[in-house]
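The values are calculated or read from the model by the stated rules, or taken from the named source; none is laboratory data. This one's a predicted model, so the numbers in the text were calculated from it and none came from an experiment. Don't worry about glycine lacking a Cβ; one is built from the backbone with ideal geometry, like all the others, and counts go over all protein chains shown.
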Amino acid sequence: MKTPAFLPAGDLASVWSCLDFGAPELRAYAIPVIAGETQRGVALLSLVALLYLGLATAMSAAFALGTSYTYTYSMLCLLALHIYLSSAKVARLRALYLLAMLLLVVCGSSLVLLAQRSGQLHAMLLLSVAVLIMLVPVVPWGLREAAMTTGAIYLMFTASTWLSRMRFAALDLWVLQCLMLVAAVISLALVARALRLRKHDLAMRFHLEQAQRELTILANRDHLTGAWNRRHIERDFERAVAAHHAAGADSWFALFDVDRFKGINDTWGHGCGDEVLRALQAAFAQLDGEREYLARLGGDEFALVLCGPQADARIAAALAALPPLPGGAQPTVSLGLVRLPPDCAFDSAYKLADELLYQAKRGGGNAIHTVCADAARVAA
């Protein structure tokens, strides 16, 4: 998506608020990102203000502008330092906006009082006003908040100086007006442009991450049944087992395949075999997919990750609900079920469950053979 190099009038509404994204899911994604950016922006604003105010304090003392200049700028340095330290502990977006507004508006009010006290619009004061307004775009806020802050600074200076215009030279008043208006227009244009680009970037990141998640899910799902595939269970196995034991629940791994599956395909066709595989996935569809899930390892071989008591009874109940074959017979499975210790790896669990599965098949199938992995290790 190409972003124009200018801000059309129709896009003004989109930059009025930094949280107006339209789609609720995009807004939920963007809020924490914007809050983090705003926190860094307020910290940068206070640092830049602290640097400038420190220089202004030194210049006021060096050029003997008066104790009122030196005192005012030094107090504003302390305020900027306080805002910097506070921004690191504040996470709420509105609170961060208030901190930034507080710094800029208090600085503006102090400069108004300084002008009133000195009775002149000194070059240092004019420069400070311009710098104050030009600092507005440092914070990544919406046009609404930027306009409110800039407007407050502008109205304070305009009202104060024009009500006391007899004390100031006319040229100084017009220079101040020009400085404030030009700085305000530039600052608001930068805020609007930056917010438009930020929203475009956040939307692109959101859609890219969403597409990546969907591709990851597709890569880890079996295309026929929709169950997880071998890649997923191999990567996720240790996490799932650790989660089970952390919750104080028994952890189970089951391996099974369909009895006489080749005969099903040969008798009723591969379409019927595919329906049996889909029915197996549907039989375990109630599993939450995080702590417990079914995975198709290949062909008619499936694996189960379960937790809690009576895993064998739960499996038997799910398998009993399988629909009958066209001839009326019920499809059956041979299954090996292993109770897992906390440190069991996938390969070890697979080997034990595979041995149990073939014991069940050698006994005629349609059976569940169970063992505890720790007991199997002792026997070995």
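Is it fair to say Ala152 is assigned by TED's automatic domain parsing to the domain that holds Leu96, surrounded by fewer than 18 Cβ atoms within 10 Å (Cβ to Cβ) and touching a helix residue (DSSP H, G or I) at 6+ places or on another chain (Cβ under 7 Å)? Steps first, answer last, please.
On the way: assigned by TED's automatic domain parsing to the domain that holds Leu96: yes; surrounded by fewer than 18 Cβ atoms within 10 Å (Cβ to Cβ): yes; touching a helix residue (DSSP H, G or I) at 6+ places or on another chain (Cβ under 7 Å): yes.
When the stated conditions are applied, Ala152 passes them.
Could you grab me the full set of residues in the stretch 268-320 that are more than 33 Å from the chain's Cα centre (by Cα) and not in a helix (DSSP H, G or I)? I'd like the intermediate steps shown before the answer.
Let us first name the residues in the stretch 268-320 that are more than 33 Å from the chain's Cα centre (by Cα), namely 268-280, 283, 298-302, 309-320.
Result: Gly269, Gly298, Gly299, Asp300, Glu301, Phe302, Pro309, Gln310.
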- Of the residues Ser60, Ser86, which single one is surrounded by fewer than 18 Cβ atoms within 10 Å (Cβ to Cβ), in a helix (DSSP H, G or I) and among the hydroxyl-bearing types (Ser, Thr, Tyr)? Ser86
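Restrict the check to the stretch 244-267 and report whether at least one residue is farther than 28 Å from Arg362 by Cβ, assigned to a helix (DSSP H, G or I) and under 28 Å from the mean Cα position of the chain (by Cα). Even if it seems obvious, please write down each step before you answer.
Of the stretch 244-267, the ones farther than 28 Å from Arg362 by Cβ are 244-249.
Checking which are assigned to a helix (DSSP H, G or I) leaves us with 244-246.
With the extra rule that they be under 28 Å from the mean Cα position of the chain (by Cα), the set shrinks to 244, 246.
For the stretch 244-267, residues farther than 28 Å from Arg362 by Cβ, assigned to a helix (DSSP H, G or I) and under 28 Å from the mean Cα position of the chain (by Cα): present.
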